[in-house]
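All remarks here apply to the structure that follows.
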Amino acid sequence: MLSTLAEKVLPQHCAVLIVDLQNDFCADGGAMQREGRDVSLVQAMVPKLERFIALARSAKVKCVWIKNVYNTPANWYLSQVWLEQARRRRNGAYVQYPVCEPREWNGEFYRIRPLEDEPVVIKHRYGAFEGTDLDLVLRSQGVRTVIMTGVATNVCVETTARQAFLRDYYVVFTRDGTATFTRAEHEAALHNIDQFFGQVVDMEEIAGCWTGSTAVRARPAMAS
C-alpha cells in the first residue's frame, strides 16, 4: 500500500496524464468559447501546467497525453445519444460546428506539445480509459499512480480519474494543474474526487516530493 504522497508520486511508478489540452477547450475561438463558456480560467492554468510538465520530464516521470477526436466527416464516433445531449445542452457544439476534428486546428494541442517519445492516447468519450489503450500503456510501464492534469476538471479529467480509481490506480489530482469554465464547478469536482476517488493536491506539493529524488536534475521554478 502506498500511504503517503511521496510514495505515490515516486517517478518510477507514476505518470502524469495531460487530458484534452486542445484548442477547442482552451483557445480563443475554440468550441468552448463559441459555446459561451469562459476559457480564462483554463488559459491562466496552462502556463503553470507547462512548468510542471517540464519538472516531471526532468524527474524522469512518464507523461501521457490524452487527445480527443470527436467530429469526423463520416461521423464515426458521435452516437444519437451524444448528439441528442448536444442539441439540448451544448449551444451548437458537435451539431452546428465540429469539435476536436482530426488534423484540424481545433483538435490540436494548445500551447504545450508532447515529446516524440511520449505516448498520445486518442479517445472519443469523456473518460480516457473508454475504448482506448491507456490501461495497457500504463500497466506496461509499471505505473501505479496517475497524476491528473488538464481540462475540464469536472468533465474529462474527473471522468478519467474515476475510471483510474476503479481500475485500482492511485489517483493524485492536481488542484492547480486542472481547470474548467467556472470556479464553482472546479471546486465541486475537487471536493468529489477528494472524498471518493483520490487525493487532491497542489502541483507544488508533488514538486516537493520530487526534489529529493535522485532522478531530478535542475528543478524548474514552479512559481506562477
When you have a sec, figure out the Kirkwood radius of the chain from all distinct Cα pair distances and drop it here in Å to one decimal?
17.6 Å
Any idea what the dipole of the chain comes to, in debye rounded to 20, about its Cα centre with Lys/Arg Cβ at +1 and Asp/Glu Cβ at -1?
140 debye
Based on the alpha carbon coordinates of segment 54-147, what radius of gyration and maximum Cα-Cα distance (Dmax) apply, in Å?
15.6, 45
If the reach is capped at under 23 angstrom between alpha carbons, list the lysines near residue 123, excluding any in the same chain fewer than eight residues apart.
62, 67
Charge sum, other residues only, whose C-beta stays under 12 Å from residue 168's C-beta, Lys/Arg counted +1 and Asp/Glu -1:
+2
At a 10 Å Cβ-Cβ cut-off, how would you order 175, 87, fewest neighbours first?
87, 175
Most exposed to least, judged by fewest other Cβ atoms within 10 Å, 14, 156 sort to 156, 14
In the neighborhood of residue 95, defined by Cβ-to-Cβ distances under 13 Å, what is the net charge if each Lys or Arg adds +1 and each Asp or Glu adds -1?
+3
With label points built 7 Å along Cα→Cβ from the Cα atoms of residue 132 and residue 115, find their separation and express it in nm.
2.0 nm
If the chain between residue 75 and residue 97 were fully stretched, how many nm would it gain, using 0.36 nm times the residue separation less the Cα-Cα distance?
6.6 nm
Label-point separation in nm, residue 43 to residue 139, each point 7 Å along Cα→Cβ:
4.2 nm
Potential extension, residue 50-residue 194 segment - 0.36 nm per residue separation minus Cα distance:
49.5 nm
Counting only DSSP loop positions in segment 124-210, the chymotrypsin sites (Phe, Trp or Tyr not before Pro) whose Cβ has at most 11 other Cβ atoms within 10 Å are none
Near-label residues of segment 25-52 by backbone N, under 16 Å of a point 7 Å along Cα→Cβ of residue 183:
38-45
Return 76, 82 ranked ascending by Cβ neighbour count within 10 Å, so the fewest neighbours appear first.
76, 82
Give me the net charge of residue 29's neighbourhood, meaning all other residues with Cβ under 13 Å from the Cβ of residue 29; Lys, Arg count +1, Asp, Glu -1.
-3
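Computed from the coordinates by the stated procedures, all read-outs in this text should not be read as laboratory data. It should be emphasised that the depicted structure is a prediction, and the values quoted were computed from it without experimental measurement. Ideal geometry is used to build each Cβ from the backbone, glycine not excepted, and the neighbour counts take in all protein chains shown.
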